[in-house]
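Report on one structure; see the data block that follows.
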Amino acid sequence: MRVAFLGLGIMGHAMAGNLARAGHEVTVWNRTPGKHVEGARSAATPGEAAANAEVVWMCVSDTAAVERVLFGQDGVDSVLSEGMIIADSSTISPVATVHFAARVAGKGVSYVDAPMTGSKVAAASGSLVFIVGGAETDIARLQPVFDAMGKKVFRMGETGKGQATKLAMNLQIAMIYEGFAEALTLATKLGVDAGKLVELIGATMVRSGVVDYKAPFVLQRDFTPNFPLRLMHKDILLTLEAAKEARVRLPGLEIVEEVYDLAMEEGHQNLDYAATLTLLEKWAGVQVKGEAAA
Ligand code: NA7
């Protein structure tokens, strides 16, 4: 398919590369010039990238960035034509998603929200899981594009439901990880080896995909960003905002947000969100170490 891919960050660069390798005709654009993708043409503006595309795929930071790419100067809006599909893999506000979809619907353009789960490792290996909202017919048309970048597509309902579900998923990731980090900190302070605790977790019902994935990085104190702390913080804020609008109370997540806020103040925004552990360590006066770190 002819795909315009907008946003070549940690996730987008890998996804666009997989699209080009799978034989799609890809044109890429990135706000900061100088980023290219092998096998893809580069465009100077989002509008230039999207001209003549069948699909416009976005993967940018936040709601404001999506709005700018779509409706800003030289944006996609000026070149939209009937039958095009806009797909958005950024994690943004579900309410804004529905508004954006309504704005382009008048031009006969469909809108599919397709945030994903799986961090940069899954993006690189083409094994992302897409959490999708949109019409079934549009999602079926996008199947070859999904196939090139991911291993599974879950349709959660109409446009906006992908983003709503993604927030519910990241709420769990943030809180499961925070539970793990607090347990590691306490156990270390009480003299328990972190590596042994991780081994025990793996053999019990406390085990989780989040802990399986994060434990090796944490034990090696490798906080290079798979999923940057600033983006998880953004998702937590989006989730709290969506909860407020829906009159749902999330007291646990409110506290976790405070930890992220302080971690941002400490300058950890570009580390992995696993680095929230370092705050707990600082408060406890310990450093988590495991034998697996050797
Ligand atoms: P990154 O690596 O932080 O990349 C963010 C991308 O978004 C990058 O290409 C940015 O361009 C672009 N961006 C940021 N702000 C804007 C604005 N205002 N206009 C246009 N483009 C912008 O994030 P990831 O790839 O890890 O994640 C992307 C999304 O997927 C995010 O929503 C996650 O939560 C999930 P830059 O290179 O900085 O010019």
Item to check | Failed criterion for residue 205 (all others in (1) surrounded by fewer than 17 Cβ atoms within 10 Å (Cβ to Cβ); (2) under 23 Å from the mean Cα position of the chain (by Cα) hold) | outcome: (2)
Item to check | Leading residue by the ranking (farthest from the chain's Cα centre (by Cα)) among those in the range 46-102 that are closer than 26 Å to residue 157 by Cβ and among the acidic types (Asp, Glu) | outcome: 82
Next on the checklist: Just to verify a result, which residue in the range 1-18, among those that are in contact with a helix residue (DSSP H, G or I) (Cβ under 7 Å, 6 or more places away or on another chain) and outside any helix (DSSP H, G or I), is surrounded by the most Cβ atoms within 10 Å (Cβ to Cβ)?
Outcome noted: 5
Next on the checklist: Here is a check on your reading of the model: is residue 53 more than 22 Å from residue 162 (Cα to Cα), small (Gly, Ala, Ser) and surrounded by fewer than 19 Cβ atoms within 10 Å (Cβ to Cβ)?
Outcome noted: no
Item to check | Residue ranges of helices (runs of 4 or more DSSP H) in the range 58-135 with at least 3 members over 22 Å from residue 8 (Cα atoms) and not hydrophobic (A, V, I, L, M, F, W, C) | outcome: 94-105
Item to check | In the range 120-143, the residues that are surrounded by 20 or more Cβ atoms within 10 Å (Cβ to Cβ) and either touching a residue at least 60 places away in the same chain (Cβ under 8 Å) or in contact with a Pro (Cβ under 7 Å, 6 or more places away or on another chain) (or both) | outcome: 123, 128, 131, 142
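Would the range 120-130 turn up any residue that is touching a helix residue (DSSP H, G or I) at 6+ places or on another chain (Cβ under 8 Å) and under 30 Å from residue 82 (Cβ atoms)?
yes
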Checklist entry - So which residues in the range 223-270 are away from the ligand (no atom under 16 Å from the Cβ) and either in contact (Cβ under 8 Å) with a residue 12 or more places away in the chain or under 20 Å from the mean Cα position of the chain (by Cα) (or both), if there are any at all? => result 243, 245, 250, 252, 253, 254, 256, 259, 261, 262, 263, 266
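For every residue, the table says whether it meets (1) surrounded by 19 or more Cβ atoms within 10 Å (Cβ to Cβ); (2) more than 15 Å from the ligand (Cβ to nearest atom).
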residue	(1), (2)
20	yes, yes
31	no, no
49	yes, no
57	yes, no
73	no, no
Checklist entry - Does the range 273-289 include one or more residues that are touching a Ser or Thr at 6+ places or on another chain (Cβ under 9 Å) and modelled with pLDDT under 95? => result yes
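If you check residue 65 against the conditions, is it within 15 Å of the ligand (Cβ to nearest atom) and either closer than 23 Å to residue 167 by Cβ or touching a Leu at 6+ places or on another chain (Cβ under 6 Å) (or both)? Let's see the steps before the verdict.
Values: within 15 Å of the ligand (Cβ to nearest atom): yes; either closer than 23 Å to residue 167 by Cβ or touching a Leu at 6+ places or on another chain (Cβ under 6 Å) (or both): yes.
Criteria met by residue 65.
The values are calculated or read from the model by the stated rules, or taken from the named source; none is laboratory data. Only a predicted model underlies this, so the values are computations on that prediction, with no experimental measurement involved. We place every Cβ from the backbone using ideal geometry, glycine too, and count neighbours over all the protein chains shown.
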